[in-house]
Amino acid sequence: MSFNVTTHFVQQYTTNVQLLLQQKGSKLRDAVSVGSYTGKAAKAIEQVGSVEAQKRVVRHGDTPLISTPADARWVFPTDYEWADLIDDQDKLRMLIDPQSSYAQNGAYALGRAMDDEIIASFFGTSKTGENGSTNTSFPAGQQVAATIGSTGATGLNIAKLREAKRVLMANEVDIDNDPLFCVISAQQHDDLLNEAQAISLDYNTRPVLVDGKITAFMGFNFIHSERLDVDGSSYRRVAAFAKSGMHLGMWNDISTMISERADKGYATQVYVKGTFGATRTEEKKVVEIKCAE
């Protein structure tokens, strides 16, 4: 039971339950591909590798048989849940019924858990193979170092964004049809505000800075998140990726149930749950940008 609910008791200066500052749900769900699944695991995608055509050099020669590389990328579900109790006595002391606010708060928590699954999959070990038993690590060749040139470790800048985009283009990512995203914290956003090329119309055909916020630049759509990890050197692990390069598997979407608990003095229980998991679909579609803070 929440023993802090009494902090919302009626006072003359307030008439609302206010949700404290927090990330309100998932910010990354719309930036990745999404699929619905059942069972204990699922194939997120069947991977078919590229092949090369062979020149025909003789007449009536044998038909060439060129093996097509094939693999599979797997996604595994994780169950999440949250619940809290609201006593009838608590409701009597309030001007409003807190159930909807508690349910919304729980849904926000599940949305953040969804983002955490995606963030962990950016650079974590993915599962591949016929039954998902093969570990595939994130390759060093998909990383942009914290130090570019001779200036030492830096935050996010134009040079690092250029290098990330160069890597994606060199990997044949279809940047014209596959949306590109870059997840940054407030510090990386502030770093970009110090870059003249990122905010000046002298370098851009249309305004990049809208209401003091950079939402898109160099083909990347920026998503603000304060949930990004740091590496062993305390460099922020910024993710730049194509939408098709990340996948969110949904077993059960976020759902809310509000019911009476006879075993808890007939208090009202607000319960929120969801089952989902995430994976990279292909290493070459994701780039890690290391940023000093």
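The values are calculated or read from the model by the stated rules, or taken from the named source; none is laboratory data. Nothing here was measured: the structure is a model prediction, and the numbers come from that model. Backbone-built Cβ (ideal geometry, glycine too); neighbour counts: all protein chains shown. Each accessible area value is taken on the protein alone, full model and side chains, heavy atoms only, with ligands, DNA and RNA left out. Shrake-Rupley method; radii C 1.70, N 1.55, O 1.52, S 1.80 Å.
Structure summary
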{"item": "Filtered residue count, segment 146-162, keeping only those that are out of contact with any strand residue (DSSP E or B) (no Cβ under 6 Å at 6 or more places or on another chain) and either in a strand (DSSP E or B) or more than 17 Å from Glu288 (Cα to Cα) (or both)", "result": "4"}
{"item": "Residues located in segment 247-293, provided they are in a strand (DSSP E or B) and of a type in the set (D, E, K, R)", "result": "Asp253, Glu260, Arg261, Lys273, Arg280, Glu288, Lys290"}
{"item": "Test: residue in segment 91-106 that is part of a helix (DSSP H, G or I) and among the aromatic types (Phe, Trp, Tyr)", "result": "yes"}
{"item": "Any hit, segment 71-87, residues being charged (D, E, K, R), modelled with pLDDT of 85 or more and open to solvent by 50 Å² or more (accessible area, probe 1.4 Å)", "result": "yes"}
{"item": "Odd one out for Asp253, checked against (1) in contact with a Gly (Cβ under 7 Å, 6 or more places away or on another chain); (2) surrounded by 20 or more Cβ atoms within 10 Å (Cβ to Cβ)", "result": "(2)"}
{"item": "Candidate set: segment 122-135, residues that are modelled with pLDDT under 95 and open to solvent by less than 60 Å² (accessible area, probe 1.4 Å); chosen: the one nearest to Arg237 (Cα to Cα)", "result": "Thr128"}
{"item": "Members of segment 229-249 found to be of a type outside the set (Gly, Ala, Ser) and open to solvent by 10 Å² or more (accessible area, probe 1.4 Å), listed by number", "result": "Asp229, Val230, Asp231, Tyr235, Arg236, Arg237, Lys243, His247"}
{"item": "Search result, residues across segment 136-145 that are in contact with a helix residue (DSSP H, G or I) (Cβ under 9 Å, 6 or more places away or on another chain) and either modelled with pLDDT under 95 or not in a loop (DSSP other than H, G, I, E, B) (or both)", "result": "Thr136, Gly141, Gln142, Gln143, Val144"}
{"item": "Residue pairs meeting the criteria (Cβ under 8 Å; at least 6 apart or on separate chains; first in contact (Cβ under 8 Å) with a residue 40 or more places away in the chain, in segment 133-153; second open to solvent by less than 50 Å² (accessible area, probe 1.4 Å) and assigned to a loop (DSSP other than H, G, I, E, B))", "result": "Phe138/Gly124; Ala146/Thr154; Ala146/Ala292; Ala153/Ala146; Ala153/Ala292"}
{"item": "Hits in segment 213-246 (condition: part of a loop (DSSP other than H, G, I, E, B), within 12 Å of Phe122 (Cβ to Cβ) and small (Gly, Ala, Ser))", "result": "Ser225"}
{"item": "Complete set of residues in segment 163-212 that are surrounded by 16 or more Cβ atoms within 10 Å (Cβ to Cβ), part of a loop (DSSP other than H, G, I, E, B) and modelled with pLDDT of 95 or more", "result": "Asn171, Val173, Ser185"}
